[in-house]
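Worksheet: the structure to be examined is printed underneath.
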Amino acid sequence: MAQFNIHFFKEKSRKIDIEQLIAFFEEIEGIKVEMDEQSVRFNYLHPRLQYEAIFLITPKSQVPDIYRLSPKFLDLNFHLEFSILMPDYVANQLFLIVKKVCERFDFHIYNEMFEDVLPFKIDVVQKVFNMLKTAYVSKNPVVLSDYHMIPKEKLSAIFRYLDDQVELQNYYKELETYVPRYHFLTTEKKQLVVGIEWKEHTLTVFPPFLDYLFYRMGNEIKVVSYDEAYPLIGKMLMDVPGFIKDTKVLPKKMASKVFKIMKKTKFSMCKHTFSKVNVKKLLD
């Protein structure tokens, strides 16, 4: 799998304070530090989404065509690498770590698509990353057979919900409100759909971009199209304050009306057969 790389440079210096760099990375959630005679590795595992990346100090330069770059910038043999098929949401979190390390240690950056070494600018890095990802997919369309494509805005909202789910659970704990996890599923025609489980008589948060509600009534589960249920109950739901657009919550004062609607309504029968999909098989 192709990698996206960001190489770190300093102006007129190769000096890195390794102890300070290690201390910096030890403060970042998801980073584990490893080192031996060959390299220093700052291994990143996203704590909730489980995507991986690595910041790596090596004995020799990993920069291609280094001799065409401005001689006033010196390679530190330190770079970041991660899969070119990383979703934008996670890639942008990595770019923010790059921004912090550049500001803290006065580093510049280089990528093979740059004409020369540059100060860190997140809009430039995002643009180059997306260009390379698009080009890689165009040249290797077969890789998409393992993924389900989702528009960037939609997937970023889904990932943000997953990333902030624990915080939401803590926020709604005293309100006795359930914050569900997503179910990512495919139909018999390999169409991706997104759903949540919702138990009768349970106050619940409704994440954005839902397709189905798996509504549990005792031992029975109704599979209900969200597009069919929302027009009936939407006016009785509230926005989750300060959160992703279209994230709703059922307040206690409206619960009895909503549960009565869900019980009495004869929703269309769902004819799909679903299979589970791993979240890491979603791509923007």
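To keep it simple, each residue is scored yes or no on (1) open to solvent by 20 Å² or more (accessible area, probe 1.4 Å); (2) modelled with pLDDT under 95; (3) farther than 18 Å from residue 255 by Cα; (4) more than 22 Å from the chain's Cα centre (by Cα).
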{"site": "179", "(1), (2), (3), (4)": "no, no, no, no"}
{"site": "188", "(1), (2), (3), (4)": "yes, yes, yes, yes"}
{"site": "191", "(1), (2), (3), (4)": "yes, yes, yes, no"}
{"site": "199", "(1), (2), (3), (4)": "yes, no, no, yes"}
{"site": "209", "(1), (2), (3), (4)": "yes, no, yes, no"}
{"site": "213", "(1), (2), (3), (4)": "no, no, no, yes"}
{"site": "217", "(1), (2), (3), (4)": "yes, yes, no, yes"}
{"site": "227", "(1), (2), (3), (4)": "yes, no, yes, yes"}
{"site": "231", "(1), (2), (3), (4)": "yes, no, no, yes"}
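Could you tell me whether any residue of the range 45-64 is under 23 Å from residue 27 (Cα atoms), within 16 Å of the chain's Cα centre (by Cα), hydroxyl-bearing (Ser, Thr, Tyr) and in a loop (DSSP other than H, G, I, E, B)? Yes, the conditions are met somewhere in the range 45-64.
In the set (1) open to solvent by less than 90 Å² (accessible area, probe 1.4 Å); (2) assigned to a loop (DSSP other than H, G, I, E, B), the condition left unmet by residue 115 is number (1). Inspect all residues belonging to the range 86-94 and state whether any of them is within 30 Å of residue 149 (Cβ to Cβ), of a type outside the set (Ser, Thr, Tyr) and touching a Lys or Arg at 6+ places or on another chain (Cβ under 6 Å). Checked against the condition, which is being within 30 Å of residue 149 (Cβ to Cβ), of a type outside the set (Ser, Thr, Tyr) and touching a Lys or Arg at 6+ places or on another chain (Cβ under 6 Å), the range 86-94 yields at least one hit. Among residues of the range 103-114 that are at positive phi and touching a residue at least 12 places away in the same chain (Cβ under 8 Å), none has a Cβ under 9 angstrom from a residue that is surrounded by 15 or more Cβ atoms within 10 Å (Cβ to Cβ) and part of a loop (DSSP other than H, G, I, E, B) at a sequence gap of 6+ or on a separate chain.
Check the range 266-281 and report whether any residue there is among the aliphatic types (A, V, I, L, M), open to solvent by 50 Å² or more (accessible area, probe 1.4 Å) and out of contact with any Leu (no Cβ under 7 Å at 6 or more places or on another chain). Yes - at least one qualifying residue is present in the range 266-281. Is it fair to say residue 235 is of a type in the set (D, E, K, R) and under 19 Å from residue 203 (Cβ atoms)? Spelling it out, residue 235 is indeed of a type in the set (D, E, K, R) and under 19 Å from residue 203 (Cβ atoms). Among the residues that make up the range 88-97, is at least one of them under 25 Å from residue 15 (Cα atoms), of a type outside the set (Phe, Trp, Tyr) and open to solvent by 20 Å² or more (accessible area, probe 1.4 Å)? Yes, the range 88-97 contains at least one residue that is under 25 Å from residue 15 (Cα atoms), of a type outside the set (Phe, Trp, Tyr) and open to solvent by 20 Å² or more (accessible area, probe 1.4 Å). Scanning the range 233-250 for residues that are out of contact with any strand residue (DSSP E or B) (no Cβ under 7 Å at 6 or more places or on another chain), closer than 16 Å to residue 209 by Cβ and either open to solvent by 80 Å² or more (accessible area, probe 1.4 Å) or aliphatic (A, V, I, L, M) (or both) gives 244, 245, 246. When the range 21-60 is filtered for residues that are among the polar types (S, T, N, Q), open to solvent by 50 Å² or more (accessible area, probe 1.4 Å) and either without any contact (Cβ under 8 Å) to a residue 40 or more places away in the chain or farther than 21 Å from residue 159 by Cα (or both), only 38 remains.
Of everything in the range 1-41, what is part of a loop (DSSP other than H, G, I, E, B) and over 25 Å from the mean Cα position of the chain (by Cα)? Give them in sequence order. 12, 13, 14, 15, 16, 17, 36, 37, 38, 39 - these are the residues of the range 1-41 that are part of a loop (DSSP other than H, G, I, E, B) and over 25 Å from the mean Cα position of the chain (by Cα). Candidates 90, 124: the one that is touching a His at 6+ places or on another chain (Cβ under 7 Å), over 30 Å from residue 251 (Cα atoms) and outside any strand (DSSP E or B) is 90.
Of all the listed residues (132, 144), the sole one being open to solvent by 40 Å² or more (accessible area, probe 1.4 Å), touching a strand residue (DSSP E or B) at 6+ places or on another chain (Cβ under 7 Å) and not small (Gly, Ala, Ser) is 132.
The values are calculated or read from the model by the stated rules, or taken from the named source; none is laboratory data. Given the structure is predicted, the values throughout are model-derived calculations rather than measurements. Methodologically, a virtual Cβ is constructed for each residue, glycine included, from the backbone with ideal geometry; neighbour enumeration extends over all protein chains shown. With ligands, DNA and RNA removed, areas are computed over all heavy atoms of the protein, side chains included. Shrake-Rupley method; radii C 1.70, N 1.55, O 1.52, S 1.80 Å.
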